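Heads up: the structure comes next, in structure tokens.
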Amino acid sequence: MKTATLPPIRVAPDFRQELEGVLEEGETLSQFVESAVRSVVEKRKNQAEFVRRGIAAIQETQRTGSGIPADQVVARLEAKLNAARQSQVRRSE
């Protein structure tokens, strides 16, 4: 497979100097940029998959009616928080 180049990007001279300052031993600026681009692509793919799964889970919950209303969840969390606070107060006395 034939390789392709990424478009050149303009950066301020001080930023380029900062970039060059963080390169590892033997690493080129091109290798660094490629690695950074690959990382962001992977992150965005993972993020899109996470959102897709979340939406599917919401739709499944709506379809089956198996969800718990938000006010009940919040009430349970508040009860746990209050219990933890009370426990903390008792320990400090």
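Going through the range 1-39 one residue at a time, which ones are among the acidic types (Asp, Glu) and either surrounded by 10 or more Cβ atoms within 10 Å (Cβ to Cβ) or under 26 Å from the mean Cα position of the chain (by Cα) (or both)? Walk me through it before giving the result.
Looking only at the range 1-39, we keep the residues that are among the acidic types (Asp, Glu), and these are 14, 18, 20, 24-25, 27, 34.
Of everything in the range 1-39, those that are among the acidic types (Asp, Glu) and either surrounded by 10 or more Cβ atoms within 10 Å (Cβ to Cβ) or under 26 Å from the mean Cα position of the chain (by Cα) (or both) turn out to be Glu18, Glu20, Glu24, Glu27, Glu34.
I'd like to verify a number: residues in the range 17-52 that are free of Cβ contacts under 8 Å to residues at least 12 places away in the same chain and either charged (D, E, K, R) or touching a Cys at 6+ places or on another chain (Cβ under 7 Å) (or both), how many?
12
Look at Glu42 and say whether it is within 30 Å of Pro8 (Cβ to Cβ) and surrounded by 10 or more Cβ atoms within 10 Å (Cβ to Cβ). Working first, answer last.
Details: within 30 Å of Pro8 (Cβ to Cβ): yes; surrounded by 10 or more Cβ atoms within 10 Å (Cβ to Cβ): yes.
Yes: the conditions hold for Glu42.
None of the figures in this text is laboratory data; all of them are computed from the coordinates on show. What you are looking at is a predicted structure, and each value in this text was computed from that prediction instead of being measured. Positions of Cβ are generated from backbone atoms using ideal geometry, with glycine treated the same way; all protein chains shown enter the neighbour counts.
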